[in-house]
């Protein structure tokens, strides 16, 4: 897989004298997300914007890849994987819908957004509370 058009891959930060290849990451936002995301490759952090990013990685050994968001000084939406030497060099990260959940990192088209049911229930409860408050104030104002 080729890196995003016109963008050279980010060089590998660790020492590696062997063959290298390019890992393309498609970084997709969750329902709740910060302005940026951090990609960690073999212990080295690379702050990134949402979208596609390309990284130079060793081609002859497993590579640890982690992706997370930093929100209010906390790590959220962490997802990790180990990319084997023969594995396809393209991954997709999907941030969670609810920050208490983990993100998901995998082959493109196979990842889902975790926490969507929890977020839907919470928003539904908030809507019901607001509806009951509105009805309560209507009853109070019409009975006066």
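Provide a single number: the residues in segment 43-66 that are farther than 23 Å from residue 101 by Cα and in a loop (DSSP other than H, G, I, E, B). It would help to see each step written out before you state the result.
Within segment 43-66, the subset farther than 23 Å from residue 101 by Cα is 44, 53-63.
Remaining after also requiring in a loop (DSSP other than H, G, I, E, B): 59-62.
So the count comes out to 4.
Report whether or not residue 3 is in a loop (DSSP other than H, G, I, E, B), modelled with pLDDT under 95 and loosely packed, with under 14 Cβ neighbours inside 10 Å.
Values: in a loop (DSSP other than H, G, I, E, B): yes; modelled with pLDDT under 95: yes; loosely packed, with under 14 Cβ neighbours inside 10 Å: no.
The answer is no for residue 3.
Filter segment 12-61 down to residues that are loosely packed, with under 15 Cβ neighbours inside 10 Å and closer than 21 Å to residue 111 by Cα and give me whichever is modelled with the lowest pLDDT.
So, considering only residues that are loosely packed, with under 15 Cβ neighbours inside 10 Å and closer than 21 Å to residue 111 by Cα, the one modelled with the lowest pLDDT is 35.
Give the residue that is farthest from residue 26 (Cα to Cα), with candidates limited to residues of segment 67-91 that are crowded, with 20+ Cβ neighbours inside 10 Å and within 16 Å of the chain's Cα centre (by Cα).
76
The values are calculated or read from the model by the stated rules, or taken from the named source; none is laboratory data. Here the structure is a predicted model, which is why all the values come from computation and not from measurement. We place every Cβ from the backbone using ideal geometry, glycine too, and count neighbours over all the protein chains shown.
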